[in-house]
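Any read-out appearing in this document is the output of simple, stated calculations on the displayed coordinates, not a laboratory observation. The model shown is predicted, which means the values in this text are computed figures rather than measured ones. Here the Cβ positions follow ideal geometry from the backbone for every residue, glycine too, while neighbour counts run over all protein chains shown.
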């Protein structure tokens, strides 16, 4: 492929200071992302390149994308015509400046499983809560795809920030503020390393707007600003937000299965967690012929009951919507191998999902794993009670306050789940620890193996 000439334009140094990322991979395409920063003209043309090798000796694709001030000079390039189930390298260039080199990959084609896929999952990366050593571990773990389960930024500042990790922007309430907060987070070297190491798939939770917000409690203008800033800073195929902004999607993994990514925040009100449009979509998204269904939810699916009252502890999760969870259980039961993954709670956990967690006579419809937080902390005053939770929640096999991330390894006949922990996020180079691991054989239940 013939190279395209780099745009000749005079720009300030450091336009690529927020790094690069790729995302939403398919069998034949992937999205490339960056955001230029500095004192820039309203329109900056940007050269992108995708290559078969790290040295860019063999180009697979190249072109020019215009970045606009109206969208914070962010670039979302859908690169099509790629080969299935293989790695590529990519970069951006403009005005004599070259971005870091990133690595991305396509998914297996329909009917193909390849050699299996390693899927990382994480959530809750509060900058002022600690260092992001987990991202360095993710980047070095040979992950094929990373799924983000929510709370990419925290719009609120901690009253006790970790020294050296303070927010460097004011708490946002408008578009400029949210852009500054994302720039604060995107400038972190560890996040930049894991963002460039493999493609990402991203959903959100509440802190991307404000803690525990709902459509009834947040100013619509502020929410729209937060959603636009989220879009500007993620490697997503979505068009820029307009009057509606639906972010649910699925990623096909060839014959290995499908990752179904839900939005459990935007549409939540007293009657529904998903909203009718997403609920109708989800019924179809869960209907596929692959070996595994991995359903990503920002919040807990399987339930957490109070020790004495036997009532839900967390009404904002699927616990607060028992009829909708019963419907979900019916949909999941149609497929032989179901795994739910969630975040939000700042714990690592493994549990069984039923239509009603209090009714042990109901069938198990899925195994759920809760990914630990990258850096957000579990409340100290509640930690002594964690070991007691399985005693009154028989569907919960394991729960532990922890920082780190979750690794799923999918093969046609087996899925392995491995928790990977960071011992102490308050220091720059803490010890990495191996957490427990689980195996799920096709057609079987989870089995703790370590």
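Would you work out the relative contact order for the chain, in percent, from Cα pairs under 8 angstrom that are 6 or more residues apart?
On the way: 1154 pairs, mean separation 65.6, N = 450.
Relative CO of the chain lands at 15 percent.
Compare the peptides 146-153, 172-179 by average per-residue count of other Cβ atoms within 10 angstrom and give them in order, highest first. Intermediate results must be reported in sequence, preceding the final value.
Numbers: 146-153: 25.5, 172-179: 18.6.
Ranked by mean Cβ neighbours within 10 Å, highest first: 146-153, 172-179.
Using packing as a proxy for protection, rank 366-374, 296-304, 193-201 so that the peptide with the highest average count of other Cβ atoms within 10 Å comes first.
366-374, 296-304, 193-201
Using a simple spin-label model with pseudo-atoms 7 Å out from Cα toward Cβ, residue 306 and residue 276 lie 3.3 nm apart.
Size check on the stretch 20-105: the Cα extents along the three principal axes, sorted descending, read 39, 24, 16 Å. Using the alpha-carbon positions of the stretch 134-240, Rg (one decimal) and Dmax (whole number) come out as 14.3, 42 Å.
Once a ≥ b ≥ c are taken as the square roots of the eigenvalues of the Cα gyration tensor of the stretch 250-291, is the result rounded (a/c under 1.5), prolate (a/b larger than b/c) or oblate (a/b not larger than b/c)? If you can, show how the numbers build up before the last one.
Values: a/c = 4.14, a/b = 2.57, b/c = 1.61.
Prolate shape, in that a/c is at least 1.5 and a/b is the bigger ratio.
Shape summary of the chain, radius of gyration then Dmax from alpha carbon positions: 21.3, 69 Å. In this simple spin-label model, placing a label point 7 Å from the Cα along the Cα-to-Cβ direction at both residue 426 and residue 360 gives a separation of 4.0 nm. Rounded, prolate or oblate: which one fits the stretch 369-439, using the alpha carbon gyration tensor with axes a ≥ b ≥ c (rounded when a/c is under 1.5, else prolate when a/b beats b/c, else oblate)? Oblate shape, in that a/c is at least 1.5 and b/c is the bigger or equal ratio.
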